[in-house]
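Notes to accompany the following structure.
The values are calculated or read from the model by the stated rules, or taken from the named source; none is laboratory data. All values derive from a computational prediction rather than experimental measurement. No Cβ is skipped: glycine too gets one built from the backbone with ideal geometry, and neighbour counts run over all protein chains shown.
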Amino acid sequence: MSLFDRLTEFDGALYRNITSLRTSIDLFDDLLEDAAARAAALAADLRMRPWPPGIIERGLVYSEAIDYPFAGDTTLASRYGDGTVRVWYGALEEPTSLAETCWHQLRQVRAIDGVAGVVTRYRAMYRVHARGLFLELRGKEVEHPELLDDDHAATQAVARHASGQGLPGALYPSARWPDGSCLAAFRADPLSDPTLVYYLTCRIDPIAQTVTIERTPGTVDRVLHASELRRRR
């Protein structure tokens, strides 16, 4: 089975969670007692806050949710990016988005010498619409287990070839969540309509190898263990 023998016309929602610019959800704690109300107030504040002309021409939400991978540093390697191809990542399911980023957060914290306690990080979940004709890699992971490898040389080669042929991106199986699917976009034009869905607080424990996820600070939404974040072949 060739990796390049099938294309899929995709038109649907994707989920992407990224580091949040907020410093705290409690900016409105002296005005609103309810945590959900404070989160809504903060989101409204971000939407209405003025920004210098020309800095974020299509809005802060677009800049955060879509534009950054294409406008920022391209030297950081990833599953489909080797520094020569700009790549935006999104998941077709919310749990898949959480699993993918929790895996990377655990690896990053465990790589920091001397960190033995829980590390707290703040993130934001966005929903983005994608429409286009994409390379289809889902369902090919049995014959091509390299699609799920932690060594990304093979998938980076796939991205170089696909982007060189003018394809806007690839739909691929998540390596971190059972039956999860993701999209790697090589350019921004198939992506539109970014919406801030909710904020996340992630408490990363490198010793227990867990990430505790809170949508409302202090209320645990779910706990993911490193053992869950590897798709079985």
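Here are some notes:
- Lone qualifier among Thr75, Thr155, Thr101 - being polar (S, T, N, Q) and at pLDDT below 95: Thr75
- Exactly one residue out of Phe4, Phe10, Phe70 is assigned to a loop (DSSP other than H, G, I, E, B) and either at pLDDT 80 or above or basic (Lys, Arg) (or both), and it is Phe4.
- Test: Leu60 is among the aliphatic types (A, V, I, L, M), modelled with pLDDT under 55 and within 15 Å of Tyr126 (Cβ to Cβ): no
- Failed condition for Ala159, given (1) among the small types (Gly, Ala, Ser); (2) out of contact with any Ser or Thr (no Cβ under 8 Å at 6 or more places or on another chain); (3) part of a strand (DSSP E or B): (3)
- Members of the range 151-183 that are closer than 23 Å to Ala226 by Cβ and touching a residue at least 12 places away in the same chain (Cβ under 8 Å): His152, Thr155, Tyr172, Pro173, Ser174, Ala175, Arg176, Trp177, Pro178, Gly180, Ser181, Cys182
- The residue pairs whose first member lies in the range 206-233 and is in contact (Cβ under 8 Å) with a residue 24 or more places away in the chain, whose second member is assigned to a loop (DSSP other than H, G, I, E, B) and aromatic (Phe, Trp, Tyr), and whose beta carbons are closer than 8 Å, counting only pairs six or more residues apart or on different chains, are Leu229/Trp177; Arg231/Trp177.
- Check on Glu94, more than 16 Å from Gly169 (Cβ to Cβ) and at pLDDT 95 or above: yes
- Qualifying position, being closer than 22 Å to Thr201 by Cα and under 16 Å from the mean Cα position of the chain (by Cα), among Ala130, Ala99: Ala99
- Test: residue in the range 200-209 that is in contact with a helix residue (DSSP H, G or I) (Cβ under 7 Å, 6 or more places away or on another chain) and within 21 Å of His129 (Cβ to Cβ): no
- Checking Arg215, Arg176, Arg203, Arg231 one by one, the residue that is assigned to a loop (DSSP other than H, G, I, E, B), surrounded by 13 or more Cβ atoms within 10 Å (Cβ to Cβ) and in contact with a strand residue (DSSP E or B) (Cβ under 8 Å, 6 or more places away or on another chain) is Arg231 and no other.
- Among the residues of the range 65-112, those identified as over 21 Å from His225 (Cα atoms), without any contact (Cβ under 8 Å) to a residue 60 or more places away in the chain and surrounded by fewer than 19 Cβ atoms within 10 Å (Cβ to Cβ) are Tyr68, Ala71, Gly72, Asp73, Thr74, Thr75, Leu76, Gly83.
- Residue in the range 95-104 that is more than 22 Å from Phe10 (Cβ to Cβ) and of a type in the set (S, T, N, Q) present: no
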